[in-house]
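The next block holds one structure in the form of structure tokens; read it before the comments.
We did not get these values from a lab; they are worked out from the coordinates using the rules stated. Just so we're clear, the structure is a prediction, and the values are computed from it rather than from any experiment. Cβ: placed from backbone, ideal geometry, glycine included. Neighbour counts: every protein chain shown.
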Amino acid sequence: GDSVTQMEGPVTLSEEAFLTINCTYTATGYPSLFWYVQYPGEGLQLLLKATKADDKGSNKGFEATYRKETTSFHLEKGSVQVSDSAVYFCALSPPGGANNLFFGTGTRLTVIP
Amino acid sequence: NAGVTQTPKFRILKIGQSMTLQCTQDMNHNYMYWYRQDPGMGLKLIYYSVGAGITDKGEVPNGYNVSRSTTEDFPLRLELAAPSQTSVYFCASSAGRSGANVLTFGAGSRLTVL
């Protein structure tokens, strides 16, 4: 079935360090892929998305490229800030727009000054 | 604009008790969802609704019930609480299907069953 495997956490980085959070997926066809972020005390919110192969989603300095050949959607940021400390969730929606998102386990990122 | 509001934020139940998690959205979204997140696991869909009066099961519906009498409200009912229902519950809403529309989430409700 459809599933998402996400990099285990927690991840602790110094400010201005480079961030990569790995995400791979299993799905038939071409799913849509998402990164959601949860800041402390808040609900999850969409960070970025990509709906077809080779698409790059970007927002707030974060980027992720939909790689069909490696079934991956890794999240990257060139220089993290303390305000990026949060839990990051990778998710997929199966082709055809089903009423479900399959989420990864979440990766907690802490950025220290 | 409050978005999605969940209550309560925390609750401790004894085995066999029942309770209702409340969820309200003020964005006039047709689609609403309940997810649960167990430690070390991803979010799992419990139930969803595509409009008032219409609900359907997700991946893990056993032990739960829902209703959707209005566009705004989507309460989740736990009957005969069990330790396996200890989890963090998230309500979400969207204007359309989750694959093509952004989900707006509530802040979560942490439930412990002892």
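Structural remarks
- Additional length obtainable on full extension of the chain from B:Ala52 to B:Met19, 0.36 nm per residue less Cα span: 9.7 nm
- Candidate aspartates and glutamates - alpha carbon under 17 Å from A:Lys52, same-chain residues fewer than 8 apart omitted: A:Asp2, A:Glu63, A:Glu69
- Cut-off under 5 Å, modelled amide H: who pairs with A:Leu44 long-range: B:Phe105
- Note, ³J(HN,Hα) from phi for the range A:43-51, Karplus 6.51, -1.76, 1.60, rounded to Hz, x at Gly and Pro: x, 5, 9, 5, 9, 6, 8, 8, 10
- Integer Hz, Karplus 6.51/-1.76/1.60 couplings in order for the range B:101-111, x for Gly and Pro: 10, 6, 8, 9, 9, x, 7, x, 10, 8, 10
- Extension gain for the segment A:Lys60 to A:Tyr39, taken as residue separation times 0.36 nm less the Cα-Cα distance, is 6.2 nm to one decimal.
- Residue with peak Gaussian network fluctuation, chain A [Cα springs, cutoff 10 Å], from A:Glu15, A:Glu63, A:Glu76: A:Glu15
- Out of every Cα-Cα pair that the protein assembly as shown contains, those further apart than 31 angstrom amount to 21 percent.
- Among A:Thr12, A:Thr70, A:Thr26, the largest mean-square fluctuation in a Gaussian network model of chain A (Cα springs under 10 Å) belongs to A:Thr70.
- Here the contact order of chain A, divided by its residue count and restricted to Cα pairs under 8 Å and six or more residues apart, works out to 37 percent.
- Qualifying trypsin sites (Lys or Arg not before Pro) for the range A:22-80 [loop in DSSP, other Cβ within 10 Å: at most 16]: A:Lys52, A:Lys60, A:Lys68
- Most mobile listed residue (B:Gly53, B:Gly63, B:Gly96) in chain B, GNM with C-alpha springs under 10 Å: B:Gly53
- Chain B, relative contact order [Cα under 8 Å, separation at least 6], %: 36
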